[in-house]
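Trainee: The structure under discussion is supplied below as structure tokens; questions concerning it will follow.
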Ligand code: GDP
Ligand code: MN
């Protein structure tokens, strides 16, 4: 999950990393108030989950309140690097003496975090990394010993700093590392970390959090759900809240499978035989009768759906559990036809349960797909 600059800067602040005075605005006119209140020139910044905004025209400068509002107006609604600008941050313009780069990221081949720093920061950091890799200091962090102040001091010295500046930079590096660890960051970066007469200030901020860790960061998980909000359909949102992996499609045949690959193959097969899948629903591994019941009920509750195709390969998932779940769901659902193809773990038991309830099961995905297409009046 890629946080926006202003979100990342909230975390920076919490960790004591200096950031410029700033305000996120909803309407361009608000830029005027803020610029007026700080009484300085400002930077008008598009808030996007990508870097390289400067080069793409997403960072503008303004010297007066009126100009700030004008620049904000110019930015809203434009596309920067293929993404529409919806949010803008107004920030005090720093008097930059020098721009450096610092970052913490995961070094996958060495199974550790790596702290990166370069005295050549700014918008051309990629070229620096390519043309003069020796200008970038890399410190692999030993996961047992961690990142200690003397490591950070050494990096700051390698960048050419001494005395107070060395200590200040060293502390920012340590704070950034602690933030990366606490937030399960895949990347956190300050580019540029600017040197000003008031010391080091983070002019930019990046924080990308590992999605697999979101159970530890509830506030971000909610935010992720919110940001998907606009993109998800009503049913998709409902499915998400129920913990179902579901994508709404246009057709009238409900599809439930286990495993993304098998479920995709099921969609393809139904389509091949002339049917129109109405959804993708992946039960995942090791589904229990309750989650199958929930999934079947959810697809049944969709008025567009005329028939349901359940395609399950029993591995960790047990076919008898699938059968139980289907029967429990049918108890409270309207009677739309259902076609079940199952094989693998507890296959015989599962088939027996279903056949006793009058539900036919099939061994072949192709046959089952043709059957469900026929039931819905397809070819
Ligand atoms: P990015 O291009 O998406 O990485 O956006 P940045 O926030 O890093 O801004 C791009 C460039 O704009 C920076 O490298 C700076 O050179 C410049 N910039 C950003 N903020 C300020 C500021 O407050 N003062 C000055 N003088 N330049 C700034
Ligand atoms: Mn930047």
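The values are calculated or read from the model by the stated rules, or taken from the named source; none is laboratory data. It should be emphasised that the depicted structure is a prediction, and the values quoted were computed from it without experimental measurement. Glycine also receives a Cβ, built like all others from the backbone with ideal geometry; neighbour counts cover every protein chain displayed.
Trainee: Residue 31 fails exactly one of the following numbered conditions: (1) in contact with a helix residue (DSSP H, G or I) (Cβ under 6 Å, 6 or more places away or on another chain); (2) within 13 Å of ligand 2 (Cβ to nearest atom). What is the number of that condition?
Mentor: For residue 31, the failing item is (2).
Trainee: Additional query: Of all the residues that make up segment 82-108, how many are over 30 Å from residue 35 (Cβ atoms), away from ligand 2 (no atom under 16 Å from the Cβ) and modelled with pLDDT of 95 or more?
Mentor: Residues that pass the stated criteria total 2.
Trainee: Got a sec? Which of 262, 214, 232, 237 is more than 30 Å from residue 124 (Cα to Cα), in contact (Cβ under 8 Å) with a residue 40 or more places away in the chain, away from ligand 1 (no atom under 16 Å from the Cβ) and within 17 Å of the chain's Cα centre (by Cα)? If you could, list the steps in order and put the result at the bottom.
Mentor: Values: 262 fails: within 17 Å of the chain's Cα centre (by Cα); 232 fails: in contact (Cβ under 8 Å) with a residue 40 or more places away in the chain; 237 fails: in contact (Cβ under 8 Å) with a residue 40 or more places away in the chain.
214 is the lone residue from the list that is more than 30 Å from residue 124 (Cα to Cα), in contact (Cβ under 8 Å) with a residue 40 or more places away in the chain, away from ligand 1 (no atom under 16 Å from the Cβ) and within 17 Å of the chain's Cα centre (by Cα).
Trainee: Does residue 28 qualify as being within 13 Å of ligand 1 (Cβ to nearest atom) and surrounded by 15 or more Cβ atoms within 10 Å (Cβ to Cβ)?
Mentor: The answer is no for residue 28.
Trainee: Could you run through segment 324-352 and say how many residues are surrounded by 20 or more Cβ atoms within 10 Å (Cβ to Cβ) and out of contact with any strand residue (DSSP E or B) (no Cβ under 8 Å at 6 or more places or on another chain)?
Mentor: 3
Trainee: Also, I was wondering about something else. For the subset of segment 353-364 comprising residues that are surrounded by fewer than 18 Cβ atoms within 10 Å (Cβ to Cβ) and under 22 Å from residue 290 (Cβ atoms), which member is nearest to the chain's Cα centre (by Cα)? Outline the logic, then answer.
Mentor: Step one: list which residues in segment 353-364 are surrounded by fewer than 18 Cβ atoms within 10 Å (Cβ to Cβ), which gives 355-358, 360, 363-364.
So of that shortlist, the ones also under 22 Å from residue 290 (Cβ atoms) come out as 356-357.
Details: 356: 45, 357: 43 Å.
Step by step, filter segment 353-364, then rank; the result is 357.
Trainee: Inspect all residues belonging to segment 216-233 and state whether any of them is closer than 25 Å to residue 302 by Cβ and crowded, with 16+ Cβ neighbours inside 10 Å.
Mentor: Yes, because at least one residue in segment 216-233 is closer than 25 Å to residue 302 by Cβ and crowded, with 16+ Cβ neighbours inside 10 Å.
Trainee: Here is a follow-up. Take segment 5-18 and flag every residue that is assigned to a loop (DSSP other than H, G, I, E, B) and either modelled with pLDDT under 95 or surrounded by 21 or more Cβ atoms within 10 Å (Cβ to Cβ) (or both). First the steps, then the outcome.
Mentor: Here is the first cut: in segment 5-18, the residues assigned to a loop (DSSP other than H, G, I, E, B) are 15-18.
Once the filter is applied, which keeps residues that are assigned to a loop (DSSP other than H, G, I, E, B) and either modelled with pLDDT under 95 or surrounded by 21 or more Cβ atoms within 10 Å (Cβ to Cβ) (or both), segment 5-18 yields only 17.
Trainee: Taking the criterion of being in contact with a strand residue (DSSP E or B) (Cβ under 9 Å, 6 or more places away or on another chain) and in contact (Cβ under 8 Å) with a residue 60 or more places away in the chain, would at least one residue in segment 65-77 satisfy it? Even if it seems obvious, please write down each step before you answer.
Mentor: Going through segment 65-77, the residues in contact with a strand residue (DSSP E or B) (Cβ under 9 Å, 6 or more places away or on another chain) turn out to be 65, 67-72, 74-77.
After this cut, where a residue has to be in contact (Cβ under 8 Å) with a residue 60 or more places away in the chain as well, the list is none.
Within segment 65-77, not a single residue is in contact with a strand residue (DSSP E or B) (Cβ under 9 Å, 6 or more places away or on another chain) and in contact (Cβ under 8 Å) with a residue 60 or more places away in the chain.
Trainee: Now, a different point. Can you tell me how many residues in segment 167-210 are crowded, with 21+ Cβ neighbours inside 10 Å, within 16 Å of ligand 2 (Cβ to nearest atom) and within 19 Å of residue 112 (Cα to Cα)?
Mentor: 4
Trainee: If you don't mind, another one. Please state which of the following conditions residue 132 fails to meet, knowing it meets all the rest: (1) more than 16 Å from ligand 1 (Cβ to nearest atom); (2) within 26 Å of the chain's Cα centre (by Cα); (3) free of Cβ contacts under 8 Å to residues at least 60 places away in the same chain.
Mentor: (2)
Trainee: Can you spot a residue in segment 243-251 that is farther than 23 Å from residue 342 by Cβ and buried (at least 16 other Cβ atoms within 10 Å of the Cβ)? Steps first, please.
Mentor: Within segment 243-251, the first condition is being farther than 23 Å from residue 342 by Cβ, and the residues that meet it are 248, 250.
Adding the requirement that they be buried (at least 16 other Cβ atoms within 10 Å of the Cβ) leaves 248.
Yes: one or more hits.
Trainee: Quick check on segment 53-65: of everything there that is surrounded by 14 or more Cβ atoms within 10 Å (Cβ to Cβ) and within 15 Å of ligand 1 (Cβ to nearest atom), which residue is nearest to residue 121 (Cα to Cα)? Walk me through how you get there before you give the answer.
Mentor: Of all residues in segment 53-65, those surrounded by 14 or more Cβ atoms within 10 Å (Cβ to Cβ) come to 53-54, 56-60, 62, 65.
Filter once more, keeping what is within 15 Å of ligand 1 (Cβ to nearest atom): 53-54, 56-60, 62.
On the way: 53: 15, 54: 13, 56: 18, 57: 19, 58: 18, 59: 17, 60: 19, 62: 23 Å.
Among those that are surrounded by 14 or more Cβ atoms within 10 Å (Cβ to Cβ) and within 15 Å of ligand 1 (Cβ to nearest atom), it is 54.
Trainee: Also, I was wondering about something else. Can you name the residue in segment 86-117 that is part of a loop (DSSP other than H, G, I, E, B) and more than 12 Å from ligand 1 (Cβ to nearest atom) and, of all such residues, is nearest to residue 152 (Cα to Cα)? Full working, then the answer.
Mentor: At the first step, the residues of segment 86-117 found to be part of a loop (DSSP other than H, G, I, E, B) are 86-87, 93-97, 111.
Narrowing the set further to residues that are more than 12 Å from ligand 1 (Cβ to nearest atom) leaves 86-87, 111.
Values: 86: 37, 87: 35, 111: 20 Å.
For segment 86-117, the residue satisfying everything is 111.
Trainee: Within segment 365-379, which residues are assigned to a loop (DSSP other than H, G, I, E, B) and either at pLDDT 95 or above or surrounded by 13 or more Cβ atoms within 10 Å (Cβ to Cβ) (or both)? Give the steps one after another, and end with the answer.
Mentor: Kept after step one, since they are assigned to a loop (DSSP other than H, G, I, E, B), are these residues of segment 365-379: 376-379.
Scanning segment 365-379 gives 376, 378.
Trainee: In segment 255-297, how many are within 11 Å of residue 311 (Cα to Cα) and part of a strand (DSSP E or B)?
Mentor: 5
Trainee: Note down all Cβ pairs under 9 Å where the first residue falls in segment 110-124 and is farther than 20 Å from residue 96 by Cβ, the second is within 11 Å of ligand 1 (Cβ to nearest atom) and at pLDDT 95 or above, and they're at least six residues apart or on different chains.
Mentor: Sorted first by the residue in segment 110-124, then by its partner, the pairs are 116/101; 116/189.
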